[in-house]
Amino acid sequence: MVLSEQERRRITDGVQNYQQTGTLCLRCNKNNHLTKRCQTDFRACWNSGAGNINDKDAAEDLYQSLKQQIPNQRNPNQQNYQGNRTQRTNDSRVLKHNMNMEAGRRSDTTSLPQPTSPMPEIQVNGGIYSCATDDIELSSHQKPAIMSNYIRINSLPKDLYVYSIRLWRPKTENTPVDEDDPTTMFEFNKRRDAKSAFDAVTGSNILDLRSATWATDYKTLWSTAELVSHPPDDPKKPIQKTYGPCRWTRPTGGTIEDLEVTIVFQTKLCNIEGSFKTKASHDLAEEIRGLNAIISRSIRTLSADLIQVGANKFFINGGFQNMRGGLRAQRGYVTSIRPSAIGPLLNINTATAAFLPEMLVSDFVARMGPGDLHYIESLLRKCTVRITYDRKNINGNARDLNAEGSRLKTFQCFGISAKEQKFYKPLDAENKEGKKVKRADPKDVGRTVLDYFTNDVKRPVPENTLCINVGKPCGGRQPGEATDAFMRRQCAEGACWIPATCLEIVANQMTAAKLSSAHTSNMIDFALRTPELNAALIDMEGLEKLGIKGTQQHLADMQLTASRNLIKFSSRSLLTPGVFGGNQRSFKVISASWNLANAAFSLPRPLRQLHVLGLDNALLDGNKFAKDLQARITAHGMSVKEPNPYFQRGNSQILDTELEYWFGETQPEDCSVIALHQRNEEQYALIKRAADLKYGRHVLCTAKKSMAGFGEQQRLSNLAMKVNLKMQGDNQALDFAKILEKGVDNTIVLGADVTHFRNTQPSIACVRIEEMRGMVRERLQAWQKNNEDALPQFMVFYRDGISESQFADCQEKEITAVKAAYSDLCVDANRGKKLQLTFVICGKRHNTRFYPTSIKDTTSATQGKANGNSNLKPGLYVNKVVTDPDRFNFYLQSHQAVKGTARSTHYHVLLDEMRFGTSDGLPNLTHALCYAFGRATKGVSYAAPAYIADRLCERGRVYLRGWQPAGRFATPPVKMSQEKDEDYAARVFKWKQDMALDLSRQGHWWINFNDNPANGPVRLNPWHPSLDKTMFWM
């Protein structure tokens, strides 16, 4: 007797899926524990309820094997724990794999390797870390004195020459090489080949760099010595020189006798040290890139205990914590050289990343559990795997298939089981354009991977083992495409299938995938450190591992010298802005927070009726909840026309039907609260799409777990704040008249953000940012309607979502678009008006941190140790020492960090036509705006206009949740060439624009969008028109 597929699925779901305590245990049918925690004697199990299974031995074997994948009992102090939850999937790969796991999972009994570089023992005094510092511009008149994660660079190379590198050999022995004609040579561009080839060139001294300070990323070479000194015969020709030939043994085992390298002069960077005292970081991109490469090379030569990832991140080998499935949370450091008014500084900050374990792919899948293979696939995509079996070499081919380099492959995707996955004989063919392509031989019936490995490789593999494509990436399965046709197309596109049991994950690889909620929680717990611990780790371990604390000979060899201490300097604290409720009631603000209590909102708005929908018994007493919420709404000054709120229970299994009926019974002036049994992204997205796009209704979602997260009155007040915002109300007010010298009545403040989707979602952003002119014009027209058709004279624009490298593009395009939008409306009474614009960038993705040097400057001094921590008090303002030396910029910590180390926002002023200058006017305005975020009774981390725009961008992501790229949406039609031409980026960006615009026009995903006047009024916003005047996304 064996388990049926239905029984297997029921047991798997019972163990793997998240359960609330109180649900009947599938194994013993009791309600005092979770199924995955059942300790009942086996003889009393599998005989009642849903767990009444005939083959009890098979059920117990599967249960115990699944249970081995569950982590230990949750830590009660771990706030963000969400259980070992895996998503259910209809993917046939998972179901077939699970059938094999029933017998095979117990083979995964090896213990995970433990960390070999534990955290250093850190001792702090009362929340303050004390160490030797370099004191800079300390003043008794400016407080507090703070420490920051920078060290001073005392000397740099004076000049740097920048060259591009081409590593190549002649295509054929008898064909003359034309260095201007790439078709006459074969270039080595893959990083693994390029690194090995460059080492051969420098090792043979045909390119002698022994007298120079240099660094390379194998595409660009930075050198303190001039390597190409002769002038070209033709001024239009590039200054270049070719060295070689030399002998090179490739990582794959073959030997090349005629390897050559060509270096092409790009530019000379002069007076580097002086530039770092006068120019902003976005004007020093090439200098920073070159110096970071030189510093990284010096660090690599110092220690083999560091794992370098990217240009300037270094992780501690053995410094990790194991997570579910063997995934590792790894600690490390990121370094970057930065300009400042006092000269160059080296920023060093802690870093945390998820690393893949070194194990067989099949073991990793087994440890992760039989959940969503799409998630495991995303973790492994593009990682390097190693073939573990020996292959037969091909006669006449110099390549050794068993050389270490030949064994390394790239993980592309999972296939199906070895007994089902087939490959076919490829044939040469031509497509419609006459280009040569491959296609599977239609006469070939195909051969399974299982048959090939059993009979040819002599490597038996389990028949249900998943296969992995380590060849070329292939497109996904098209709707309606038969399995055989799909496998034939994969073969033609270059797929190469190897069983998961024959591939191991190469060590020290970071995964760039979006982590699950459970893994994200693990990562956050591992990375969170209070300021004193963060500073101590950098000073005690980071500076030591990176060679800053030692003799610094590795830096001296690169013509660099640096201090060995973190810096300390004076900062300032801005006054807390006044916050008011209804009837100008002033709130008492302590540590950037205030208590709403029973105060009226500053501008309460009327509500027609409150509706509450409880899904799956999320609300035990829904009528009481609805009445209590309405009582809180009226307590804050809002009026409700219908005295009795409406409550109904619903079923999430038929959510589409429930929502169709529900929103059909409500009106635009109503607000609905939908209670979910637990957080569910798919249900949330479905509700928001229906409410925002299809029906134009206001809705709030809340989860049963979050309802019990804190005091009932506070929770209800938070919901009431959101209701008032949706009804066009204001929850708090600030006295901007005291801050804005230009006048509140003549100043508009706008915020903008852009959301960058991952590869699994389309970049709608690239269309919307091109519509900056239209979006600003829309906001100005709304101002006119409320101000007797007059336009504002002043505008403060907060822009979020761009990096320093994009500042120039922002100045050229976006600021121009904002002014053009204003000019479009300067007609009639507004004719001749000129906008005075101040344009500010909100930078959050930086590595600058500030640490207190005295306990009296921390939040624990204000709130006590029970409620405060060792972060600096809100209002911290830094406008010197670590800021850019060029245009006005400043750091502002406007919030109280509850966990970890606070990250101040870095504000860059790209344009200041309102002439705030370097006074406190703009910082004070920005600080006050951080207290204007209507969803919170506290100061938030950056200016509310940009924060509100960020929330709208997040809503756009919600609308597209569940969208999967397929067909022409999957990848650009222009293949990535070995050497990108100048137009490649523009072509890809144009393709993204076209695809995003096409997706917008598909009514299913971007409802209400219309950019064709022939089809009716032009409307570029996807939401329902009835929501235009509201902040429905708040």
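Hey, with R₀ at 45 Å, roughly what FRET efficiency would Glu226 and Leu620 work out to, going by the Cβ-Cβ distance, to 0.05?
Numbers: r = 78 Å, r/R0 = 1.74.
E between Glu226 and Leu620, to the nearest 0.05, is 0.05.
Give me, ordered by chain and number, the residues 5 or more places off Ser155 or on other chains with an amide H under 5 Å from its own placed amide H.
Amide H neighbours of Ser155: Thr561.
Quick one: check the C-alpha center-to-center distance for the range 386-416 versus the range 985-1034, whole angstrom.
Answer, in whole Å: 47.
To the nearest 20 debye, what charge dipole does the chain have about its Cα centre, counting +1 at the Cβ of each Lys and Arg and -1 at the Cβ of each Asp and Glu?
My answer is approximately 1920 debye.
Whole-Hz ³J(HN,Hα) for each residue in the range 113-119, computed from phi via Karplus 6.51 cos²θ - 1.76 cosθ + 1.60 with θ = phi - 60°, x for glycine and proline: what do you get?
x, 9, x, 9, 10, x, 4
Please order Lys568, Lys992 by the number of other Cβ within 10 Å, starting at the fewest.
Working: Lys568 20, Lys992 17.
Result, fewest neighbours first: Lys992, Lys568.
Taking the Cβ-Cβ separation of Lys1029 and Ala527 as r and a Förster radius of 45 Å, what is the calculated FRET efficiency to the nearest 0.05? Present the calculation step by step, with values, prior to reporting the outcome.
Values: r = 41 Å, r/R0 = 0.92.
Step by step, r from the Cβ atoms, then E = 0.60.
How would the range 216-361 be classified by its alpha-carbon gyration tensor: rounded, prolate or oblate, with rounded meaning a/c under 1.5 and the a/b versus b/c comparison settling the rest? Kindly include the intermediate steps, with their values, before the conclusion.
Values: a/c = 3.14, a/b = 1.26, b/c = 2.50.
Oblate, because a/c is 1.5 or more while a/b does not exceed b/c.
Beyond 18 Å between alpha-carbons counts as too far, so tell me which of Lys36/Lys705; Lys738/Lys1029; Lys241/Lys268; Lys171/Lys436; Lys742/Lys834; Lys67/Lys705 fall in that bin.
Correct reply: Lys36/Lys705; Lys738/Lys1029; Lys171/Lys436; Lys67/Lys705.
Can you find, among Met368, Asn47, Ala949, the residue farthest towards the positive end of the dipole of the chain? Put +1 on the C-beta of Lys and Arg, -1 on that of Asp and Glu.
Sorting the options by dipole projection puts first Asn47.
Evaluate the distance, in nm, between pseudo-label points positioned 7 Å from the Cα of Cys826 and of Asn787 along their respective Cα→Cβ axes.
The modelled label-to-label distance comes out at 1.5 nm.
Evaluate E = 1/(1 + (r/R0)^6) for Leu603 and Thr862, where r is the Cβ-Cβ distance and R0 equals 22 Å; express this FRET efficiency to the nearest 0.05. Show your work: numbers first, answer last.
Numbers: r = 30 Å, r/R0 = 1.37.
It comes out at approximately 0.15.
Quick check: net charge around Asp824, other residues with Cβ under 9 Å of its Cβ, Lys/Arg +1 and Asp/Glu -1?
Numbers: positive: Arg773, Arg777; negative: none.
My count for the surroundings of Asp824 gives +2.
Using Cβ counts within 10 Å as a stand-in for footprinting exposure, how do Asp656, Asp753, Asp199, Asp912 rank, fewest first?
Asp656, Asp199, Asp912, Asp753
Work from the charge dipole of the chain (Cβ charges, +1 for Lys and Arg, -1 for Asp and Glu, about the Cα centre) and give the residue of Ala556, Gly475, Ala293 farthest towards its positive end.
Result: Gly475, furthest along the dipole toward the positive end.
Setting aside same-chain residues fewer than 8 positions from Lys856, which aspartates and glutamates have a Cα under 18 Å from its Cα?
Result set, ordered by chain and number: Glu532.
Starting from the Cα-Cα distance between Asp730 and Arg1019, subtract it from 0.36 nm times their residue separation and give me the gain in nm to one decimal. Mind showing how you got there, number by number?
Working: separation 289, 0.36 × 289 = 104.04 nm, distance 2.74 nm.
Gain in length upon complete extension: 101.3 nm.
Which of the following values of semi-axes √(5λ) of the Cα gyration tensor in Å was calculated from the structure shown: (i) 134, 66, 21; (ii) 79, 34, 23; (iii) 47, 42, 31?
Step by step, semi-axes √(5λ) of the Cα gyration tensor in Å for this structure corresponds to label (iii).
Using 7 Å Cα-to-Cβ label points, what is the Tyr684/Thr816 separation (nm, one decimal)?
3.9 nm
Once you have the Cα-Cα distance between Tyr389 and Gln114, take 0.36 nm times their residue separation minus that, and quote the gain in nm to one decimal.
Numbers: separation 275, 0.36 × 275 = 99.00 nm, distance 2.71 nm.
So the chain would gain 96.3 nm between Tyr389 and Gln114.
What is the extension gain from Arg1001 to Ser4, computed as 0.36 nm multiplied by their sequence separation minus the C-alpha to C-alpha distance, in nm to one decimal? Intermediate values should be presented prior to the final figure.
Details: separation 997, 0.36 × 997 = 358.92 nm, distance 4.57 nm.
Extra length available between Arg1001 and Ser4 comes to 354.3 nm.
Just grab the label-to-label distance for Gln123 and Phe989, each label 7 Å out from Cα along the Cβ direction, in nm (one decimal).
Calculated label separation equals 5.6 nm.
Just from its helices, what would the mean residue ellipticity at 222 nm be for the chain, if runs of 4 or more DSSP H residues each count -39500 (n - 2.57) and the sum is divided by every residue, rounded to the nearest 500 deg cm²/dmol? Could the numbers behind the result be given before it?
Numbers: 26 runs with 266 residues, N = 1034.
Helix contribution divided over all residues of the chain: -7500 deg cm²/dmol.
List the residues, sorted by chain then number, that are 5 or more residues from Cys701 or on another chain and whose placed amide H is less than 5 Å from its amide H.
Under 5 Å from the amide H of Cys701: Ile674.
Ile348: net charge of surrounding residues, Cβ under 13 Å, Lys/Arg +1, Asp/Glu -1, itself excluded? Working shown, then result.
Working: positive: Arg152, Lys313, Arg338, Lys545, Lys549, Arg564, Arg849; negative: Asp539, Glu541, Glu544.
So the surrounding residues net to +4.
If amide hydrogens are placed 1.01 Å from N in the peptide plane, which non-local residues have theirs closer than 5 Å to the one on Ala600?
Gly582
Just so you know, all these numbers are worked out from the coordinates, no wet-lab data involved. Everything numeric here is computed off the predicted structure, so don't read it as measured data. Note that each Cβ is placed from the backbone with ideal geometry, even for glycine, and that neighbours are counted across all protein chains shown.
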